[in-house]
Amino acid sequence: MDWGTELWDQFEVLERHTQWGLDLLDKYVKFVKERVEVEQSYAKQLRSLVKKYLPKRPAKDDPEIKFSQQQSFVQLLQEVNDFAGQRELVAESLGIRVCLELAKYSQEMKQERKMHFQEGRRAQQQLENGFKQLENSKRKFERDCREAEKAAHTAERLDQDINATKADVEKAKQQAHLRNHMAEESKNEYAAQLQRFNRDQAHFYFSQMPQIFDKLQDMDERRATRLGAGYGLLSEAELQVVPIIGKCLEGMKVAAESVDAKNDSKVLIELHKSGFARPGDLEFEDFSQVMNRVPSDSSLGTPDGRPELRAASSRSRAKRWPFGKKNKTVVTEDFSHLPPEQQRKRLQQQLEERNRELQKEEDQREALKKMKDVYEKTPQMGDPASLEPRIAETLGNIERLKLEVQKYEAWLAEAESRVLSNRGDSLSRHTRPPDPPTTAPPDSSSSSNNSGSQDNKESSSEEPPSEEGQDTPIYTEFDEDFEEPASPIGQCVAIYHFEGSSEGTVSMSEGEDLSLMEEDKGDGWTRVRRKQGGEGYVPTSYLRVTLN
(Lines give C-alpha, C1' and ligand atoms only; values in the text may rest on other atoms or scores of the structure.)
Protein backbone atom coordinates (compact mmCIF):
# COMPACT_ATOMS: atom_id res chain seq x y z
CA MET A 1 0.00 0.00 0.00
CA ASP A 2 1.27 3.43 -0.87
CA TRP A 3 0.16 7.00 -0.40
CA GLY A 4 -0.19 7.68 -4.13
CA THR A 5 -2.85 4.97 -4.55
CA GLU A 6 -4.75 5.07 -1.27
CA LEU A 7 -4.40 8.75 -0.37
CA TRP A 8 -4.70 10.29 -3.86
CA ASP A 9 -7.27 12.85 -2.64
CA GLN A 10 -5.67 13.64 0.78
CA PHE A 11 -3.14 16.30 -0.19
CA GLU A 12 -3.85 18.45 2.90
CA VAL A 13 -3.72 15.43 5.21
CA LEU A 14 -0.30 14.43 3.88
CA GLU A 15 0.89 17.98 4.20
CA ARG A 16 -0.14 18.09 7.87
CA HIS A 17 1.26 14.63 8.58
CA THR A 18 4.70 15.31 7.10
CA GLN A 19 4.84 18.63 8.94
CA TRP A 20 3.94 16.84 12.19
CA GLY A 21 6.71 14.32 11.57
CA LEU A 22 9.31 17.06 11.13
CA ASP A 23 7.98 18.88 14.20
CA LEU A 24 8.34 15.65 16.17
CA LEU A 25 11.92 15.33 14.97
CA ASP A 26 12.66 18.91 16.05
CA LYS A 27 10.90 18.30 19.36
CA TYR A 28 13.09 15.29 20.05
CA VAL A 29 16.22 17.28 19.18
CA LYS A 30 15.11 20.01 21.58
CA PHE A 31 14.42 17.41 24.26
CA VAL A 32 17.91 15.96 23.88
CA LYS A 33 19.44 19.44 24.01
CA GLU A 34 17.72 20.09 27.32
CA ARG A 35 18.76 16.64 28.50
CA VAL A 36 22.36 17.51 27.61
CA GLU A 37 22.05 20.75 29.59
CA VAL A 38 20.70 18.81 32.55
CA GLU A 39 23.59 16.33 32.36
CA GLN A 40 26.17 19.11 32.03
CA SER A 41 24.66 21.07 34.89
CA TYR A 42 24.46 17.90 37.00
CA ALA A 43 28.10 17.04 36.31
CA LYS A 44 29.21 20.61 36.99
CA GLN A 45 27.34 20.74 40.28
CA LEU A 46 28.76 17.37 41.29
CA ARG A 47 32.30 18.52 40.55
CA SER A 48 31.72 21.77 42.46
CA LEU A 49 30.30 19.82 45.36
CA VAL A 50 33.30 17.47 45.39
CA LYS A 51 35.73 20.39 45.19
CA LYS A 52 33.92 22.11 48.03
CA TYR A 53 34.18 19.13 50.37
CA LEU A 54 37.63 17.81 49.47
CA PRO A 55 40.22 18.47 52.20
CA LYS A 56 42.15 21.66 51.52
CA ARG A 57 45.36 20.42 53.15
CA PRO A 58 47.60 17.68 51.72
CA ALA A 59 46.99 14.20 53.08
CA LYS A 60 50.34 14.11 54.90
CA ASP A 61 49.50 17.34 56.76
CA ASP A 62 45.91 16.41 57.56
CA PRO A 63 45.57 14.60 60.90
CA GLU A 64 41.94 13.76 60.17
CA ILE A 65 42.97 11.46 57.30
CA LYS A 66 44.06 8.91 59.95
CA PHE A 67 40.42 8.26 60.80
CA SER A 68 38.52 5.72 58.74
CA GLN A 69 35.56 8.07 58.46
CA GLN A 70 37.68 10.69 56.76
CA GLN A 71 39.32 8.15 54.45
CA SER A 72 35.91 6.82 53.42
CA PHE A 73 34.62 10.30 52.79
CA VAL A 74 37.58 11.21 50.56
CA GLN A 75 37.13 7.96 48.63
CA LEU A 76 33.43 8.69 48.25
CA LEU A 77 34.18 12.16 46.89
CA GLN A 78 36.61 10.73 44.34
CA GLU A 79 34.01 8.21 43.15
CA VAL A 80 31.42 10.99 42.82
CA ASN A 81 33.92 13.01 40.79
CA ASP A 82 34.45 10.03 38.45
CA PHE A 83 30.68 9.62 38.22
CA ALA A 84 30.39 13.29 37.19
CA GLY A 85 32.90 12.62 34.41
CA GLN A 86 30.71 9.83 33.05
CA ARG A 87 27.70 12.16 33.00
CA GLU A 88 29.78 14.58 30.94
CA LEU A 89 30.56 11.77 28.48
CA VAL A 90 26.84 11.04 28.15
CA ALA A 91 26.14 14.72 27.48
CA GLU A 92 28.93 14.92 24.89
CA SER A 93 27.76 11.79 23.06
CA LEU A 94 24.15 12.96 22.94
CA GLY A 95 25.15 16.45 21.88
CA ILE A 96 27.14 15.21 18.86
CA ARG A 97 25.19 12.14 17.72
CA VAL A 98 21.70 13.51 18.34
CA CYS A 99 21.64 17.28 18.58
CA LEU A 100 24.08 18.09 15.78
CA GLU A 101 23.42 15.22 13.38
CA LEU A 102 19.64 15.05 13.80
CA ALA A 103 19.31 18.84 13.59
CA LYS A 104 21.24 18.79 10.32
CA TYR A 105 19.12 15.88 9.05
CA SER A 106 15.95 17.77 10.01
CA GLN A 107 16.99 20.71 7.84
CA GLU A 108 17.59 18.39 4.89
CA MET A 109 14.17 16.80 5.37
CA LYS A 110 12.51 20.21 5.47
CA GLN A 111 14.12 21.21 2.18
CA GLU A 112 13.09 17.92 0.54
CA ARG A 113 9.53 18.23 1.80
CA LYS A 114 9.33 21.81 0.59
CA MET A 115 10.50 20.78 -2.88
CA HIS A 116 7.92 17.94 -3.16
CA PHE A 117 5.01 20.08 -2.05
CA GLN A 118 6.05 22.92 -4.34
CA GLU A 119 5.97 20.45 -7.20
CA GLY A 120 2.54 19.21 -6.10
CA ARG A 121 1.16 22.73 -5.82
CA ARG A 122 2.43 23.61 -9.29
CA ALA A 123 0.64 20.54 -10.68
CA GLN A 124 -2.51 21.53 -8.81
CA GLN A 125 -2.27 25.07 -10.15
CA GLN A 126 -1.88 23.80 -13.71
CA LEU A 127 -4.91 21.54 -13.32
CA GLU A 128 -6.94 24.38 -11.85
CA ASN A 129 -5.95 26.67 -14.71
CA GLY A 130 -7.06 23.98 -17.23
CA PHE A 131 -10.36 23.60 -15.41
CA LYS A 132 -10.90 27.37 -15.50
CA GLN A 133 -10.27 27.43 -19.24
CA LEU A 134 -12.71 24.52 -19.66
CA GLU A 135 -15.34 26.39 -17.67
CA ASN A 136 -14.80 29.53 -19.74
CA SER A 137 -15.17 27.65 -23.02
CA LYS A 138 -18.24 25.87 -21.69
CA ARG A 139 -19.90 29.13 -20.68
CA LYS A 140 -19.01 30.68 -24.04
CA PHE A 141 -20.49 27.69 -25.88
CA GLU A 142 -23.64 27.94 -23.77
CA ARG A 143 -23.94 31.68 -24.40
CA ASP A 144 -23.38 31.32 -28.16
CA CYS A 145 -26.02 28.59 -28.35
CA ARG A 146 -28.58 30.81 -26.68
CA GLU A 147 -27.70 33.68 -28.98
CA ALA A 148 -27.99 31.44 -32.07
CA GLU A 149 -31.35 30.12 -30.95
CA LYS A 150 -32.57 33.63 -30.29
CA ALA A 151 -31.41 34.81 -33.74
CA ALA A 152 -33.14 31.82 -35.41
CA HIS A 153 -36.43 32.67 -33.68
CA THR A 154 -36.14 36.29 -34.73
CA ALA A 155 -35.52 35.36 -38.38
CA GLU A 156 -38.45 32.93 -38.39
CA ARG A 157 -40.76 35.56 -36.86
CA LEU A 158 -39.82 38.19 -39.44
CA ASP A 159 -40.22 35.67 -42.28
CA GLN A 160 -43.82 35.07 -41.22
CA ASP A 161 -44.55 38.74 -40.63
CA ILE A 162 -46.31 40.23 -43.72
CA ASN A 163 -45.36 43.73 -42.67
CA ALA A 164 -41.65 42.95 -42.58
CA THR A 165 -39.61 44.01 -45.56
CA LYS A 166 -37.49 41.58 -47.52
CA ALA A 167 -34.36 43.35 -46.42
CA ASP A 168 -35.23 42.88 -42.76
CA VAL A 169 -35.89 39.17 -43.32
CA GLU A 170 -32.57 38.71 -45.14
CA LYS A 171 -30.73 40.54 -42.45
CA ALA A 172 -32.31 38.40 -39.73
CA LYS A 173 -31.42 35.21 -41.60
CA GLN A 174 -27.82 36.32 -42.00
CA GLN A 175 -27.65 37.11 -38.29
CA ALA A 176 -29.05 33.68 -37.42
CA HIS A 177 -26.55 32.01 -39.72
CA LEU A 178 -23.67 33.96 -38.09
CA ARG A 179 -24.83 32.99 -34.63
CA ASN A 180 -25.02 29.33 -35.63
CA HIS A 181 -21.50 29.48 -36.98
CA MET A 182 -20.20 31.06 -33.75
CA ALA A 183 -22.00 28.42 -31.67
CA GLU A 184 -20.41 25.68 -33.77
CA GLU A 185 -16.94 27.15 -33.20
CA SER A 186 -17.57 27.45 -29.44
CA LYS A 187 -18.72 23.85 -29.44
CA ASN A 188 -15.53 22.69 -31.11
CA GLU A 189 -13.38 24.75 -28.73
CA TYR A 190 -15.28 23.43 -25.69
CA ALA A 191 -14.83 19.87 -26.88
CA ALA A 192 -11.10 20.42 -27.39
CA GLN A 193 -10.72 22.00 -23.93
CA LEU A 194 -12.68 19.14 -22.36
CA GLN A 195 -10.49 16.55 -24.03
CA ARG A 196 -7.34 18.39 -22.97
CA PHE A 197 -8.54 18.77 -19.34
CA ASN A 198 -9.52 15.12 -19.06
CA ARG A 199 -6.08 14.14 -20.30
CA ASP A 200 -4.35 16.51 -17.82
CA GLN A 201 -6.60 15.37 -14.96
CA ALA A 202 -5.87 11.71 -15.61
CA HIS A 203 -2.14 12.48 -15.71
CA PHE A 204 -2.47 14.48 -12.47
CA TYR A 205 -4.32 11.83 -10.46
CA PHE A 206 -2.83 8.66 -11.92
CA SER A 207 0.76 9.63 -12.59
CA GLN A 208 1.98 13.02 -11.40
CA MET A 209 0.55 13.24 -7.87
CA PRO A 210 1.06 9.53 -7.04
CA GLN A 211 4.75 9.98 -7.83
CA ILE A 212 4.94 13.04 -5.56
CA PHE A 213 3.03 11.24 -2.80
CA ASP A 214 5.30 8.20 -3.10
CA LYS A 215 8.34 10.47 -2.72
CA LEU A 216 6.77 12.02 0.35
CA GLN A 217 6.04 8.57 1.74
CA ASP A 218 9.64 7.51 1.19
CA MET A 219 10.88 10.71 2.82
CA ASP A 220 8.60 10.28 5.83
CA GLU A 221 9.59 6.64 6.29
CA ARG A 222 13.27 7.56 6.14
CA ARG A 223 12.65 10.31 8.70
CA ALA A 224 10.79 7.90 11.02
CA THR A 225 13.58 5.32 10.73
CA ARG A 226 16.21 7.94 11.54
CA LEU A 227 14.14 9.22 14.45
CA GLY A 228 13.81 5.70 15.85
CA ALA A 229 17.58 5.31 15.64
CA GLY A 230 17.89 8.64 17.48
CA TYR A 231 15.63 7.28 20.22
CA GLY A 232 18.03 4.39 20.62
CA LEU A 233 21.00 6.70 21.08
CA LEU A 234 19.66 7.71 24.50
CA SER A 235 20.04 4.19 25.82
CA GLU A 236 23.28 3.57 23.91
CA ALA A 237 24.91 6.63 25.47
CA GLU A 238 23.92 5.36 28.91
CA LEU A 239 25.00 1.77 28.24
CA GLN A 240 28.47 2.92 27.21
CA VAL A 241 29.15 4.38 30.66
CA VAL A 242 27.28 1.80 32.72
CA PRO A 243 30.40 -0.35 33.43
CA ILE A 244 32.38 2.62 34.77
CA ILE A 245 29.38 3.95 36.68
CA GLY A 246 29.01 0.49 38.19
CA LYS A 247 32.60 0.65 39.39
CA CYS A 248 31.96 4.10 40.85
CA LEU A 249 28.89 2.84 42.68
CA GLU A 250 30.80 -0.20 43.92
CA GLY A 251 33.51 2.11 45.23
CA MET A 252 30.87 4.18 47.01
CA LYS A 253 29.46 0.99 48.55
CA VAL A 254 32.90 -0.06 49.78
CA ALA A 255 33.43 3.39 51.28
CA ALA A 256 30.00 3.28 52.93
CA GLU A 257 30.65 -0.08 54.56
CA SER A 258 33.64 1.30 56.45
CA VAL A 259 31.59 4.01 58.20
CA ASP A 260 30.66 3.70 61.90
CA ALA A 261 26.87 4.01 62.14
CA LYS A 262 26.91 5.13 65.78
CA ASN A 263 29.31 7.90 65.01
CA ASP A 264 27.15 8.98 62.05
CA SER A 265 24.17 9.27 64.39
CA LYS A 266 26.15 11.53 66.68
CA VAL A 267 27.23 13.65 63.72
CA LEU A 268 23.63 13.92 62.52
CA ILE A 269 22.58 15.16 65.96
CA GLU A 270 25.30 17.78 65.93
CA LEU A 271 24.38 18.91 62.43
CA HIS A 272 20.66 19.33 63.03
CA LYS A 273 20.28 20.30 66.68
CA SER A 274 18.58 23.63 67.19
CA GLY A 275 21.22 25.04 69.53
CA PHE A 276 18.71 26.16 72.16
CA ALA A 277 19.34 25.00 75.71
CA ARG A 278 16.54 23.20 77.49
CA PRO A 279 15.22 25.35 80.33
CA GLY A 280 16.08 24.11 83.81
CA ASP A 281 14.19 24.52 87.05
CA LEU A 282 13.37 28.03 88.14
CA GLU A 283 15.00 29.15 91.34
CA PHE A 284 13.15 30.92 94.10
CA GLU A 285 13.92 34.61 94.05
CA ASP A 286 13.54 36.17 97.47
CA PHE A 287 13.16 39.91 97.06
CA SER A 288 12.16 40.44 100.69
CA GLN A 289 15.75 40.49 101.91
CA VAL A 290 19.17 41.03 100.52
CA MET A 291 21.54 38.12 100.02
CA ASN A 292 23.87 37.37 102.91
CA ARG A 293 26.57 35.97 100.74
CA VAL A 294 29.90 37.80 101.05
CA PRO A 295 31.28 38.35 97.58
CA SER A 296 34.86 37.44 96.90
CA ASP A 297 37.26 39.48 94.87
CA SER A 298 36.41 37.36 91.83
CA SER A 299 32.64 37.45 92.31
CA LEU A 300 30.47 39.05 89.72
CA GLY A 301 28.01 40.58 92.21
CA THR A 302 28.17 43.72 94.32
CA PRO A 303 28.43 43.51 98.11
CA ASP A 304 24.65 43.76 98.57
CA GLY A 305 24.04 41.12 95.89
CA ARG A 306 21.17 42.91 94.17
CA PRO A 307 22.78 43.37 90.77
CA GLU A 308 23.62 39.66 90.78
CA LEU A 309 19.95 38.80 91.46
CA ARG A 310 18.89 40.98 88.60
CA ALA A 311 21.45 39.38 86.32
CA ALA A 312 20.31 35.88 87.26
CA SER A 313 16.69 36.83 86.76
CA SER A 314 17.41 38.38 83.38
CA ARG A 315 19.38 35.31 82.29
CA SER A 316 16.52 33.04 83.34
CA ARG A 317 14.07 35.10 81.37
CA ALA A 318 16.41 35.23 78.40
CA LYS A 319 16.61 31.45 78.26
CA ARG A 320 12.85 31.23 78.00
CA TRP A 321 12.40 34.01 75.51
CA PRO A 322 10.92 31.73 72.76
CA PHE A 323 7.89 31.09 75.00
CA GLY A 324 7.29 34.65 75.98
CA LYS A 325 4.96 37.16 74.39
CA LYS A 326 6.06 38.06 70.89
CA ASN A 327 6.43 41.77 70.47
CA LYS A 328 6.68 43.58 67.20
CA THR A 329 10.15 42.85 65.83
CA VAL A 330 12.39 45.81 65.12
CA VAL A 331 15.09 44.87 62.62
CA THR A 332 18.54 45.96 63.75
CA GLU A 333 21.84 46.03 61.95
CA ASP A 334 23.46 43.59 64.41
CA PHE A 335 20.48 41.19 64.09
CA SER A 336 19.87 41.34 67.83
CA HIS A 337 16.15 40.91 67.09
CA LEU A 338 16.86 37.28 66.11
CA PRO A 339 17.40 34.29 68.41
CA PRO A 340 21.03 33.83 69.50
CA GLU A 341 21.89 31.00 67.15
CA GLN A 342 20.22 32.68 64.17
CA GLN A 343 21.90 35.95 65.03
CA ARG A 344 25.28 34.24 65.08
CA LYS A 345 24.69 32.64 61.68
CA ARG A 346 23.50 35.88 60.09
CA LEU A 347 26.49 37.74 61.48
CA GLN A 348 28.79 35.04 60.13
CA GLN A 349 27.20 35.42 56.70
CA GLN A 350 27.61 39.16 56.77
CA LEU A 351 31.22 38.82 57.93
CA GLU A 352 32.02 36.34 55.15
CA GLU A 353 30.46 38.65 52.55
CA ARG A 354 32.46 41.63 53.80
CA ASN A 355 35.67 39.58 53.75
CA ARG A 356 35.02 38.51 50.16
CA GLU A 357 34.34 42.09 49.12
CA LEU A 358 37.47 43.23 50.94
CA GLN A 359 39.60 40.62 49.18
CA LYS A 360 38.14 41.65 45.84
CA GLU A 361 38.92 45.30 46.44
CA GLU A 362 42.46 44.47 47.54
CA ASP A 363 43.03 42.39 44.41
CA GLN A 364 41.69 45.22 42.28
CA ARG A 365 44.00 47.68 44.02
CA GLU A 366 47.01 45.45 43.34
CA ALA A 367 46.00 45.12 39.69
CA LEU A 368 45.66 48.92 39.35
CA LYS A 369 49.07 49.44 40.94
CA LYS A 370 50.68 47.01 38.51
CA MET A 371 48.93 48.72 35.60
CA LYS A 372 50.16 52.08 36.84
CA ASP A 373 53.72 50.77 36.99
CA VAL A 374 53.42 49.55 33.41
CA TYR A 375 52.10 52.95 32.27
CA GLU A 376 54.95 54.71 34.04
CA LYS A 377 57.54 52.48 32.36
CA THR A 378 55.78 52.56 28.97
CA PRO A 379 53.97 55.93 28.60
CA GLN A 380 52.64 55.10 25.12
CA MET A 381 50.38 52.44 26.67
CA GLY A 382 48.47 54.91 28.84
CA ASP A 383 48.49 57.82 31.25
CA PRO A 384 49.35 56.78 34.86
CA ALA A 385 47.42 59.77 36.23
CA SER A 386 44.19 58.41 34.76
CA LEU A 387 44.35 55.52 37.26
CA GLU A 388 44.64 57.71 40.34
CA PRO A 389 40.85 58.24 40.85
CA ARG A 390 40.20 54.53 40.62
CA ILE A 391 43.04 53.73 43.04
CA ALA A 392 41.74 56.34 45.50
CA GLU A 393 38.21 54.93 45.20
CA THR A 394 39.52 51.41 45.85
CA LEU A 395 41.43 52.57 48.92
CA GLY A 396 38.29 54.21 50.29
CA ASN A 397 36.33 51.02 49.76
CA ILE A 398 39.04 48.97 51.51
CA GLU A 399 38.99 51.25 54.57
CA ARG A 400 35.19 51.14 54.71
CA LEU A 401 35.11 47.36 54.43
CA LYS A 402 37.77 46.95 57.11
CA LEU A 403 35.68 49.00 59.52
CA GLU A 404 32.62 46.91 58.71
CA VAL A 405 34.59 43.67 59.20
CA GLN A 406 35.76 44.83 62.62
CA LYS A 407 32.23 45.85 63.54
CA TYR A 408 30.74 42.47 62.56
CA GLU A 409 33.59 40.61 64.30
CA ALA A 410 32.76 42.39 67.55
CA TRP A 411 29.05 41.64 67.19
CA LEU A 412 29.82 38.03 66.33
CA ALA A 413 31.95 37.60 69.43
CA GLU A 414 29.09 38.88 71.59
CA ALA A 415 26.59 36.61 69.84
CA GLU A 416 28.80 33.55 70.31
CA SER A 417 29.14 34.37 74.00
CA ARG A 418 25.35 34.45 74.32
CA VAL A 419 25.05 31.13 72.48
CA LEU A 420 27.57 29.53 74.84
CA SER A 421 25.75 30.87 77.88
CA ASN A 422 22.49 29.35 76.58
CA ARG A 423 24.15 25.94 76.52
CA GLY A 424 25.19 26.08 80.17
CA ASP A 425 21.96 24.77 81.69
CA SER A 426 21.74 21.56 79.67
CA LEU A 427 25.28 20.19 79.84
CA SER A 428 24.16 16.98 81.50
CA ARG A 429 21.98 16.20 78.48
CA HIS A 430 24.78 16.47 75.89
CA THR A 431 26.11 13.27 74.33
CA ARG A 432 29.39 14.89 73.31
CA PRO A 433 31.37 17.96 74.44
CA PRO A 434 30.13 21.22 72.95
CA ASP A 435 32.46 23.42 71.01
CA PRO A 436 34.80 25.47 73.26
CA PRO A 437 34.35 29.25 73.26
CA THR A 438 35.80 30.99 70.23
CA THR A 439 37.01 33.96 72.31
CA ALA A 440 40.35 34.01 74.06
CA PRO A 441 40.43 33.41 77.87
CA PRO A 442 40.17 36.69 79.78
CA ASP A 443 43.06 38.39 81.45
CA SER A 444 43.37 37.65 85.14
CA SER A 445 43.36 41.37 85.82
CA SER A 446 39.71 41.44 84.80
CA SER A 447 38.84 39.27 87.82
CA SER A 448 39.33 42.23 90.12
CA ASN A 449 36.58 44.27 88.46
CA ASN A 450 33.61 44.97 90.69
CA SER A 451 29.99 44.34 89.76
CA GLY A 452 29.41 47.93 88.83
CA SER A 453 31.96 47.79 86.03
CA GLN A 454 30.47 44.46 84.98
CA ASP A 455 27.03 46.03 84.68
CA ASN A 456 28.53 48.82 82.62
CA LYS A 457 30.13 46.24 80.30
CA GLU A 458 26.82 44.42 79.83
CA SER A 459 24.92 47.62 79.14
CA SER A 460 27.43 48.70 76.49
CA SER A 461 27.87 45.30 74.85
CA GLU A 462 25.11 45.94 72.37
CA GLU A 463 26.79 49.10 71.02
CA PRO A 464 29.24 48.68 68.15
CA PRO A 465 32.87 49.32 69.09
CA SER A 466 34.31 52.71 68.34
CA GLU A 467 36.61 53.13 65.39
CA GLU A 468 39.55 53.95 67.62
CA GLY A 469 39.38 50.69 69.53
CA GLN A 470 38.43 48.31 66.80
CA ASP A 471 41.98 47.02 66.36
CA THR A 472 42.26 46.30 70.10
CA PRO A 473 41.52 42.65 71.03
CA ILE A 474 38.52 41.98 73.27
CA TYR A 475 40.73 40.33 75.89
CA THR A 476 44.39 40.86 76.64
CA GLU A 477 46.79 37.93 76.86
CA PHE A 478 46.34 35.81 79.96
CA ASP A 479 48.87 36.21 82.74
CA GLU A 480 49.93 32.93 84.34
CA ASP A 481 50.58 34.60 87.70
CA PHE A 482 47.12 34.59 89.30
CA GLU A 483 46.13 36.65 92.26
CA GLU A 484 45.34 34.08 94.93
CA PRO A 485 41.77 34.56 96.14
CA ALA A 486 40.92 34.17 99.78
CA SER A 487 39.02 30.90 99.23
CA PRO A 488 37.11 29.04 96.49
CA ILE A 489 33.60 30.32 95.90
CA GLY A 490 32.28 26.89 94.93
CA GLN A 491 33.01 23.45 93.55
CA CYS A 492 32.66 22.07 90.03
CA VAL A 493 33.04 18.79 88.18
CA ALA A 494 34.53 18.40 84.70
CA ILE A 495 31.89 16.86 82.44
CA TYR A 496 34.28 16.48 79.49
CA HIS A 497 38.00 16.28 78.93
CA PHE A 498 39.67 19.58 78.00
CA GLU A 499 43.23 20.05 76.78
CA GLY A 500 44.38 23.49 77.90
CA SER A 501 46.77 24.18 75.05
CA SER A 502 46.48 27.97 74.88
CA GLU A 503 48.00 30.48 77.26
CA GLY A 504 45.95 31.09 80.39
CA THR A 505 44.01 27.81 80.23
CA VAL A 506 44.40 24.67 82.32
CA SER A 507 43.85 21.03 81.33
CA MET A 508 41.26 18.83 83.06
CA SER A 509 40.03 15.25 82.80
CA GLU A 510 36.47 14.05 82.59
CA GLY A 511 34.99 13.57 86.08
CA GLU A 512 37.74 15.57 87.80
CA ASP A 513 36.75 17.65 90.87
CA LEU A 514 37.83 21.27 90.69
CA SER A 515 37.61 24.34 92.88
CA LEU A 516 35.65 27.27 91.50
CA MET A 517 37.73 30.39 91.83
CA GLU A 518 35.83 32.80 89.60
CA GLU A 519 32.44 32.64 87.88
CA ASP A 520 31.80 33.02 84.14
CA LYS A 521 31.54 36.70 83.27
CA GLY A 522 29.58 36.06 80.11
CA ASP A 523 32.53 35.24 77.85
CA GLY A 524 32.19 31.43 78.13
CA TRP A 525 35.24 30.87 80.42
CA THR A 526 35.42 29.96 84.13
CA ARG A 527 38.47 30.16 86.37
CA VAL A 528 39.19 26.94 88.33
CA ARG A 529 41.95 25.37 90.46
CA ARG A 530 43.03 21.72 90.25
CA LYS A 531 43.60 19.74 93.44
CA GLN A 532 47.03 18.59 92.29
CA GLY A 533 48.00 22.18 91.57
CA GLY A 534 47.53 24.54 88.67
CA GLU A 535 44.99 27.27 88.07
CA GLY A 536 43.53 28.67 84.86
CA TYR A 537 40.49 29.06 82.67
CA VAL A 538 38.34 26.26 81.17
CA PRO A 539 35.14 26.41 79.05
CA THR A 540 32.09 27.00 81.24
CA SER A 541 30.06 24.58 79.12
CA TYR A 542 32.42 21.76 80.17
CA LEU A 543 31.60 22.16 83.88
CA ARG A 544 28.85 21.32 86.35
CA VAL A 545 29.08 24.15 88.90
CA THR A 546 27.94 24.20 92.54
CA LEU A 547 28.29 27.49 94.45
CA ASN A 548 29.07 27.59 98.16
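The values are calculated or read from the model by the stated rules, or taken from the named source; none is laboratory data. The shown structure was predicted, so the numbers you read here are calculated from the model rather than taken from an experiment. Note that we place each Cβ from the backbone using ideal geometry, even for glycine, and neighbour counts take in every protein chain shown. Note: areas computed on protein heavy atoms with side chains; ligands, DNA, RNA excluded. Shrake-Rupley method; radii C 1.70, N 1.55, O 1.52, S 1.80 Å.
Some notes on this structure:
- Given (1) more than 19 Å from the chain's Cα centre (by Cα); (2) surrounded by fewer than 17 Cβ atoms within 10 Å (Cβ to Cβ); (3) aromatic (Phe, Trp, Tyr), index of the condition PHE73 fails: (2)
- Sole exception among (1) in a strand (DSSP E or B); (2) buried (at least 18 other Cβ atoms within 10 Å of the Cβ) for ARG544, by number: (2)
- Number of residues in the stretch 1-40 that are open to solvent by less than 50 Å² (accessible area, probe 1.4 Å) and without any contact (Cβ under 8 Å) to a residue 60 or more places away in the chain: the value is 1.
- Looking across the stretch 166-184 at every residue that is within 30 Å of GLN126 (Cα to Cα) and free of Cβ contacts under 8 Å to residues at least 40 places away in the same chain, the one that is least open to solvent (accessible area, probe 1.4 Å) is identified as MET182.
- Tally of residues being more than 14 Å from the chain's Cα centre (by Cα), open to solvent by less than 100 Å² (accessible area, probe 1.4 Å) and closer than 17 Å to GLY85 by Cβ across the stretch 44-62: 3
- Residues (among the polar types (S, T, N, Q) and open to solvent by 90 Å² or more (accessible area, probe 1.4 Å)) located in the stretch 199-236: GLN211, THR225
- Pairs linking a residue in the stretch 522-533 that is within 18 Å of GLU503 (Cβ to Cβ) to a residue that is assigned to a loop (DSSP other than H, G, I, E, B) and among the charged types (D, E, K, R), with Cβ atoms under 6 Å and 6 or more positions apart or on different chains, are THR526/ASP520.
- Taking every residue in the stretch 360-374 that is free of Cβ contacts under 8 Å to residues at least 40 places away in the same chain and pairing it with any residue that is open to solvent by 80 Å² or more (accessible area, probe 1.4 Å), at least 6 positions away or on another chain, the pairs with Cβ-Cβ distances below 6 Å are LEU368/ARG390.
- Output for the stretch 492-507, where each listed residue is assigned to a strand (DSSP E or B) and modelled with pLDDT under 90: PHE498, THR505
- Residue among ARG139, ARG157, ARG122, ARG143 that is under 60 Å from the mean Cα position of the chain (by Cα) and not aromatic (Phe, Trp, Tyr): ARG122
- Verdict on GLU250 being over 29 Å from GLU39 (Cβ atoms), surrounded by fewer than 17 Cβ atoms within 10 Å (Cβ to Cβ) and of a type outside the set (A, V, I, L, M, F, W, C): no
- Tally of residues being under 30 Å from GLU34 (Cα atoms) and among the small types (Gly, Ala, Ser) across the stretch 97-138: 2
- The combined condition, being modelled with pLDDT under 85 and outside any helix (DSSP H, G or I), is fulfilled by GLU477.
- Residue tally, condition aliphatic (A, V, I, L, M), within 15 Å of LEU194 (Cβ to Cβ) and open to solvent by 80 Å² or more (accessible area, probe 1.4 Å), over the stretch 108-165: 0
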